[in-house]
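Notes for the one structure printed next.
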Amino acid sequence: MKSAFRNAVALRTLPHYHFINPHFHSLPRFSVAAVSSPPSSLVSPSKPETFRFRRRSSPLRVRYSSMTGGETDAPASMEKQFEDFRVKLDEAGSLRERIRAVVNEIESITRLMHASLLHVHQSRPLSEVLEKPKAQVDGLKELYGRLAEVLCECPGEYYRFHNDWRSETQTVVSLLAFMHWLETGKLLMHTEAEEKLGMNQAEFALDIEDYLIGLCFLSNEMPRYVVNQVLAGNYDCPRKVLRFLTDLHAAFRMLNLRNDFLRKKFDSLKYDLKRVEEVYYDMKIRHLANGDSAEDNGTQGQS
Amino acid sequence: MFHAPALRSWISSSRSPIIMASKSKTHRLHQLSGTALQSIAKRPRTITTESYMKDAFANYAGYLNELNEKRERVVKSSRDITINSKKVIFQVHRISRDNKEEVLKKAEADLEAVKDQYISRLVKELQGTDFWKLRRAYSPGVQEYVEAATFCKFCRTGTLLDLEELNAGLLPLSDPAIEPLQINVFDYLLGLADLTGELMRLAIGRISDGELEFAEKICRFSRDIYRELTLVVPLMDNNSDMKTKMDTMLQSVLKIENACLSVHVRGSEYTLLGSSDPSFLMGVPDMQS
């Protein structure tokens with residue numbers, strides 16, 4: 001008996017499946033004729049066009065024409081619950097669109113800042129290079145403030161939409177850290193980064209993992225910077241960069257990382273460090289690096 | 001929320017040995033783990049420039065450790081919930097016309113136990129924070145629980161257990177001082193999607209036991225769920241897994257409908273149509289061999 005079922009099921013499902021399955025991107029129609037069924041059918045034959053699958057703009061209450069009297073009235077409360085869901089999800093959707101709008105603006109400012117900072121590879125004077133990006137940091141702060149406002153409307157849901165602005169924030173952190181290092185030679189601290197972006201409120205803080213990943217992005221710029229500086233004749237640079245990256249790497253090694261994105265970025269930090277070491281080594285053995293004996297780390301030969 | 005108080009006190013207590021450490025030539029890269037206090041003696045010469053980084057990163061290490069440990073505990077809790085919810089579902093599958101009351105009573109008792117033991121543990125681990133941040137860790141367990149709870153409710157009353165009611169049952173588990181664990185709409189919908197699979201299994205099982213009316217009730221119910229979900233799913237964020245579940249769900253609904261159809265059509269061929277004799281379907285020779 002059961003095999004008869006199975007054959008019947010197979011026969012029924014194959015040809016008509018693609019008529020019935022609503023594609024969630026288009027406007028299909030349930031075809032009544034395709035499914036021969038007993039009286040308690042999906043759609044009453046007289047109005048096949050009442051079932052329209054509409055997209056998200058308006059929550060459409062689909063009402064099947066009432067069928068056989070055997071329907072329980074469970075659907076009424078079920079419909080109400082799902083109506084509530086649709087409303088809530090619609091609201092979340094519009095919130096998300098607003099977040100995306102702000103994030104797009106953040107991204108365009110970030111791109112401008114990055115482009116300005118790239119001048120540093122062409123050995124323009126530092127103050128000139130940093131002038132424009134520094135001005136744009138205020139713009140960023142304002143945008144993050146707007147983001148905070150949007151998120152304030154849904155308290156406790158910081159992480160719900162976190163992925164929408166996560167990678168942009170990481171890039172922002174890396175740019176800020178790079179600018180800070182160019183100016184001061186020191187690492188931008190988490191709290192300092194928060195200050196610059198106005199992210200030091202209770203509900204809206206800078207996630208530590210985002211900050212750390214931003215630092216790893218920062219280190220990705222270093223090998224190229226070192227190379228270009230040496231090409232431009234600044235032989236002092238590799239030593240400073242090397243010391244900075246070594247410290248950073250040592251600090252990162254204190255973390256117990258699990259196998260996630262942060263871990264991968266940390267691995268890339270190792271390669272950046274290695275690259276900078278190579279450049280420094282090349283210079284050192286050719287005695288191009290000057291003034292490096294006294295204040296250097298202990299492992300350097302005291303020549 | 002980013003502080004690790006234990007670690008901070010460790011850092012301040014370890015400051016004095018640093019100052020007294022001899023300034024020996026050291027290896028540049030060394031790892032300052034929580035227990036390796038002896039390595040403090042081998043500090044690099046550039047103590048002053050480095051220590052600000054080290055201090056900060058010690059804090060970050062503490063934060064990450066706490067977070068990862070919490071995440072692991074939550075995952076473990078979630079796994080427990082999954083296993084035990086599945087047991088409830090298996091229990092409900094044993095239902096038939098004769099043993100309905102006893103099966104349901106045991107299932108409901110087991111479900112309560114899942115709530116009291118395992119979900120309360122999850123609540124304790126989360127402690128009212130990071131509901132969204134750690135959602136990937138506990139979502140599978142919660143989905144399974146939703147599946148089990150809605151399954152039980154349907155077999156008991158023929159209605160859908162709605163999210164509010166489900167969450168109301170979870171409120172007493174949380175300390176009133178902290179944010180209570182409430183199942184969010186996404187986990188609820190995902191659990192609901194899995195429910196139709198179980199309903200399909202149940203319907204086929206009931207049909208082969210001759211309980212056609214129950215199967216038809218299941219049929220109508222799963223159609224309703226599917227219909228409602230088609231309107232909600234496009235609005236969900238990150239709904240790719242939900243979309244695949246919708247495909248599976250449609251398959252399940254089709255199977256139920258076609259099974260009901262076959263019995264309906266063939267039933268008219270038998271003189272014992274719709275009888276309460278559970279064996280009327282069993283005795284028919286298989287004509288397709």
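Values for this structure:
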read-out: Summed buried accessible area for B+A [probe radius 1.4 Å, Å², rounded to 100]; value: 7500
read-out: Cα-projected label distance for A:C152 with B:A109, points at 7 Å along beta-carbon direction, nm; value: 5.4
read-out: Simple spin-label estimate for A:Q201 and A:L112 in nanometres, 7 Å along Cα-Cβ; value: 2.4
read-out: Inter-label distance for B:E101 and A:H121, nm, one decimal - labels placed 7 Å from Cα along Cα-to-Cβ; value: 8.0
read-out: Prolate/oblate/rounded call for segment B:37-167, Cα gyration tensor, a/c under 1.5 rounded; value: prolate
read-out: 3J(HN,Hα) from dihedral phi, segment A:180-194, Karplus parametrisation 6.51/-1.76/1.60, rounded to Hz, x for glycine, proline; value: 4, 5, 4, 7, 10, x, 10, 7, 6, 7, 4, 5, 5, 4, 4
read-out: B:Q127-B:A168 FRET efficiency (beta carbon distance; Förster radius 25 Å; 0.05 resolution); value: 0.75
read-out: Under 21 Å from A:K134, Cα to Cα: lysines that are on another chain or at least 8 residues apart; value: A:K186, A:K196
read-out: Apportionment of accessible area to carbon and sulfur, segment A:92-206, percent (1.4 Å); value: 49
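The values are calculated or read from the model by the stated rules, or taken from the named source; none is laboratory data. Everything numeric here is computed off the predicted structure, so don't read it as measured data. Because the Cβ atoms are built from the backbone with ideal geometry, glycine has one as well, and the counts that use them run over all protein chains shown. These accessible areas exclude ligands, DNA and RNA; they are computed on the full protein's heavy atoms, side chains included. Shrake-Rupley method; radii C 1.70, N 1.55, O 1.52, S 1.80 Å.
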